[in-house]
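Below is one structure, written out as structure tokens; the observations come after it.
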Amino acid sequence: MAYKKILTVQDISCVGQCSLTVALPVISACGVETCVLPSAVLSTHTAEFKGFTFRDLTEDIPSIKNHWKSEGISFDALYTGYLGSTKQIDYVLDIYSEVCKKDSLFIVDPAMADNGKLYVGFDMEFVAAMKKLCTKASYILPNITEACLLTGIPYKTEYDRSYIQKLISSLLEIGCKNIILSGVAYSRDKMGVAVYENGKFSYYEHDREDRVCHGTGDIYASAFVGAVVRGKTACDAARIAADYVVECIKKTAEEDNHWYGVKFEPSLIKLIEAVNE
Ligand code: PXL
């Protein structure tokens, strides 16, 4: 197996089982060297915690990148998650052109919204910048809310296949390449992911867990990245990531008051097995 080195750029939420505290263990478990660039440090994530601290690290990014350049460091893949400002998006583009290899994969999770709403602290200017980033990526991993914001299509909670096709074709029209659209449910007891890769469309469906957990998007994206960097097709990586998230939600649901995140650690062994199959 070729040993791959990835760079992931996203925040550190010290408590909350999301962003870098998920990406680092999950991608490493997939057998991929995981280098990190923290976009900000927060005491917790911003969903439901009150009074969190936020240290923006935007101005550290250019000097970190320049040091890597002077050391001749480069990456086989770049994966971005939650970014703290529009300026960071421009800096990420510099990183991609200056310290990634020519054929590096570029995976963007446009982590900025869910359930029809932008996360605290984001606005439409940020959405416009994220749209630009998405058009440069090899793969994007939006949920339905994010796909709506990127395309201007109104958000719906009930829809049919033609709505999902429309979201995907609009993402292609704005210049996105390969699309992994998560949280696509055509019935009450099922959940799924719609994948568009190299002109082919597929849909992976699995049982829906009743429990809603914060942070499943980050776990999903990190497992997808680990699997795809290990050479799986987008379709297989999407299935592996979805099955892993279902396991993590089941573990989380064993306890009533684990409200701020997903217990992703106990099922890492299953992810490792799936990625190495
Ligand atoms: O899970 C996405 C995420 C990442 N980082 C921070 C967040 C969120 C979602 O709320 O607040 C800081």
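Quick note: the coordinates plus some simple rules give every number you see, no bench work behind them. Here the structure is a predicted model, which is why all the values come from computation and not from measurement. FYI the Cβ positions are ideal-geometry reconstructions off the backbone, even for glycines, and counts take in every protein chain you see.
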Lys and Arg at +1, Asp and Glu at -1: neighbours of Tyr203 with Cβ under 13 Å from its Cβ sum to +1
Going down the list Lys156/Lys232; Lys65/Lys101; Lys132/Lys200, which pairs span over 20 Å between their C-alpha atoms? Lys156/Lys232; Lys132/Lys200
Starting with the fewest neighbours, write out Thr151, Thr233 ranked by other beta-carbon atoms found within 10 Å of each beta-carbon. Thr233, Thr151
Which ordering of Asp189, Asp243 is given by a fewest-first count of other beta-carbon atoms within 10 Å? Asp189, Asp243
Separation in nanometres of the label points that stand 7 Å from Cα toward Cβ, at His258 and Tyr159: 3.0
Expected sort for 54-64, 91-101 on mean C-beta neighbours within 10 Å, highest first, is 91-101, 54-64
If each residue's Cβ is checked for other Cβ atoms within 10 Å, how do Trp68, Trp259 rank with the fewest at the top? Trp259, Trp68
Beta bridges by DSSP in segment 1-143, antiparallel share as percent, to the nearest 5: 20
What are the ³J(HN,Hα) couplings of segment 183-192, residue after residue, when phi is run through the Karplus curve with 6.51, -1.76, 1.60 and θ = phi - 60°? Round to Hz, x for glycine and proline. x, 9, 10, 9, 8, 5, 9, 10, 9, x
Can you run phi through the Karplus equation (6.51, -1.76, 1.60; θ = phi - 60°) for segment 121-131 and list ³J(HN,Hα) in whole Hz, with x for Gly and Pro? x, 9, 9, 5, 5, 5, 4, 4, 5, 5, 4
Restricting to DSSP H runs of at least four residues, report the calculated mean residue ellipticity at 222 nm for the chain, -39500 (n - 2.57) per run over all residues, nearest 500 deg cm²/dmol. -12500 deg cm²/dmol
Tell me, what is the percent relative contact order of the chain, built from C-alpha pairs under 8 Å that lie six or more residues apart? 17
By average C-beta atoms within 10 angstrom, highest first, the peptides 103-111, 6-14: 6-14, 103-111
Cross-link reach list, aspartates and glutamates versus Lys87, counting only Cα pairs under 15 Å and skipping chain neighbours closer than eight places: Asp11, Asp56, Glu59, Asp60, Asp123, Glu125
For Thr44, enumerate residues with amide H under 5 Å from its amide H, sequence gap 5+ or separate chain, H modeled in the peptide plane. Cys14, Val15, Thr53
Distance between the C-alpha centers of segment 4-74 and segment 208-277? Whole Å please. 19
Give me the percent relative contact order of segment 7-105, please, defined on Cα pairs under 8 angstrom at least 6 residues apart. 30
Past the 29 Å Cα-Cα mark, which pairs from Lys50/Lys190; Lys4/Lys69; Lys117/Lys250; Lys136/Lys190; Lys117/Lys190? Lys50/Lys190; Lys136/Lys190
Just to confirm a number: summing +1 for Lys and Arg and -1 for Asp and Glu over residues other than Ser182 whose beta-carbon lies under 11 angstrom from that of Ser182, what do you get? -3
Find the Cα radius of gyration of the chain, compare it with 2.2 N^0.38 Å by division, and give the number to two decimals. 0.93
Here the percent of antiparallel bridges among DSSP beta bridges lying wholly in segment 5-275, to the nearest 5, is 45
